1. Only one residue in A:D140, A:D129, A:D106 is under 14 Å from the mean Cα position of the chain (by Cα), within 22 Å of A:R24 (Cβ to Cβ), surrounded by 17 or more Cβ atoms within 10 Å (Cβ to Cβ) and among the acidic types (D, E), so which one is that?
2. Looking at (1) farther than 30 Å from A:L229 by Cβ; (2) under 16 Å from the mean Cα position of the chain (by Cα); (3) among the acidic types (D, E), can you tell me which one B:E185 breaks?
3. Here are B:A20, B:A55, B:A12, B:A64: which of them is surrounded by 17 or more Cβ atoms within 10 Å (Cβ to Cβ) and in contact with a Pro (Cβ under 9 Å, 6 or more places away or on another chain)?
4. Only one of these conditions is not met by B:L89: (1) open to solvent by less than 10 Å² (accessible area, probe 1.4 Å); (2) of a type in the set (A, V, I, L, M, F, W, C); (3) under 17 Å from A:E249 (Cα atoms). Which number is it?
5. Can you tell which of A:T209, A:T170 is within 13 Å of another protein chain (Cβ to nearest Cβ), touching a helix residue (DSSP H, G or I) at 6+ places or on another chain (Cβ under 6 Å) and within 26 Å of A:A137 (Cβ to Cβ)?
6. Starting from region B:35-49, keep only residues that are more than 14 Å from chain A (Cβ to nearest Cβ) and touching a residue at least 24 places away in the same chain (Cβ under 8 Å), then list their pairs with residues that are open to solvent by 30 Å² or more (accessible area, probe 1.4 Å) and among the hydrophobic types (A, V, I, L, M, F, W, C) whose Cβ atoms are within a distance under 7 Å, requiring at least 6 positions of separation or different chains.
7. If I go through region B:162-171 residue by residue, how many of them are part of a loop (DSSP other than H, G, I, E, B) and crowded, with 18+ Cβ neighbours inside 10 Å?
8. Somewhere in region B:33-49, is a residue under 19 Å from B:P125 (Cβ atoms) and over 21 Å from the mean Cα position of the chain (by Cα)?
Number of protein chains: 2
Amino acid sequence: MAIKLIGVVAPASPLDAKLADRVRLMAGDLDGTPEVLFHPQCFLSSGHFAGDDEARERAFLDIANDPHFHSLWIGRGGYGSCRIAERLLPKLNKAARQKTYLGYSDAGFLLAGLYRSGCRVAHGPMPADLLRPGGAAAVDRALAWLNTDDTAGLEPSLEPGVPAAAFNMTVLSNLLGTALEPDLEGHVLMLEDVSEHLYRIDRTMFHLTATPSIRGVKGIRLGRVSDILPNEPDFSQNEEDIVKHWCTESGIAYLGRADIGHDADNKIVPFGVRQ
Amino acid sequence: MAIKLIGVVAPASPLDAKLADRVRLMAGDLDGTPEVLFHPQCFLSSGHFAGDDEARERAFLDIANDPHFHSLWIGRGGYGSCRIAERLLPKLNKAARQKTYLGYSDAGFLLAGLYRSGCRVAHGPMPADLLRPGGAAAVDRALAWLNTDDTAGLEPSLEPGVPAAAFNMTVLSNLLGTALEPDLEGHVLMLEDVSEHLYRIDRTMFHLTATPSIRGVKGIRLGRVSDILPNEPDFSQNEEDIVKHWCTESGIAYLGRADIGHDADNKIVPFGVRQ
């Protein structure tokens, strides 16, 4: 079996070099000893971002378009993927279309556009999750899936033959109607969020469920909404009440909870139908 | 000349009764002594909102559909208009379509849907602006415009024959693609915001300018972006750099600054072509 080469880029905020060393060592312990290569761009810094827009786009294309890499693993969220997503999609070659892409949070801008372009993408842990309490389990889960398609780390509600997708709800709201929006007709749509006020969660759920294309999903599952910021006054509904309210208003089925979120338990959701 | 009757409702957060008394007195000093009637719903409280969704919708329709009222003045922003906007639009009668609607911030959800429905709407000060430093000038400006179409309070860059519209940029982002989105083709689009991080302003500007319908505007003018929350790390671009960046990326003309914002200087922007 050929060694799997996993390339890491940081399309949003920068990574720490020591963290990269630890992730490389973890990969070395796996069957087949997959190799994780962190593109030097991961460690650049330019204002808010891991290098300027040109540097981040170039690094993404370096890995995506190189047939030696089995997969492109997004190193970290933060903010910045939307600044390069639309312009890099037309530059993807055949090797890019045969690759697997993994990430979540801000990386949803890229996952959306890549899925729309026919690539194999999944919502799941990233190298920077190592910094969370218990985060090694998340990184192990992602590495095992990238290495051997290990199904143990998949989100447990996924059903064979039923297409799925997962997003940070604020990110999905911010790409609706753009060239990045994928066709989610008939999909189970899993949503999670972090560090928002409940009134913002409510407003975002209005936007999602009032959008005709989203009204075509099979149903919505709610992942974890963590680190909720204080609402003044108290919102009087929790995040699940809010999602149920908007599902009822819009006629979208509410299917229950999903095991995803900004935490170490974040499970993997391959987009589309499980292969 | 018949006395103009101005009805106030609160589709989002509640108003203070003493504030209502002060605004009524200010109206009494004007030529023709217009009368400002605060719907009792303005003073209700239900969690985050000035009464539950049903109460806020009913109050809005009470004023909008009553031919005795010349105009409907939105009392305050906050959050909540999107929860009632889509459902009340089909219930508007002929009197509602002949009325003038004034407000801004969260009220943008209503202004958008009302403009799309053919109503006369304007972005401008609300009664609650009386609580801002120097806010009496803002309330006077709004009352003078509602009372006699006084043009002194209009946003100074408005040009006869050139359609315009103004929005809180986060609110506009959250209604794109929904049944509330008006046709802004050929309009000068003025944008303002408050209490956001610069990375959020950047992300919102991505969404707006990556949306095909917004790419059809005549150009964008930037109002004030106030109370910017600390960005970690420093964003390295200010709000005007950000708006210029996205205008360049998307091919939308950047037309300069607009005299609107969450402050006492907020000028009035009637939607569409000035009559």
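The values are calculated or read from the model by the stated rules, or taken from the named source; none is laboratory data. Because the structure is a prediction, the values reported are computed rather than measured. Here the Cβ is made from the backbone with ideal geometry for all residues, glycine too, and neighbour counts use every protein chain on show. For the accessible areas, the whole protein counts, side chains as well, though only heavy atoms, and no ligand, DNA or RNA atoms are used. Shrake-Rupley method; radii C 1.70, N 1.55, O 1.52, S 1.80 Å.
1. After applying the criteria, what remains is A:D129.
2. Exception for B:E185: condition (2).
3. B:A20
4. Only one criterion is unmet by B:L89, namely (1).
5. Answer to the check: A:T170.
6. B:E35/B:I3; B:E35/B:L5; B:L37/B:L5; B:F43/B:A17
7. Within region B:162-171, residues that are part of a loop (DSSP other than H, G, I, E, B) and crowded, with 18+ Cβ neighbours inside 10 Å number 1.
8. There is at least one residue in region B:33-49 that is under 19 Å from B:P125 (Cβ atoms) and over 21 Å from the mean Cα position of the chain (by Cα).
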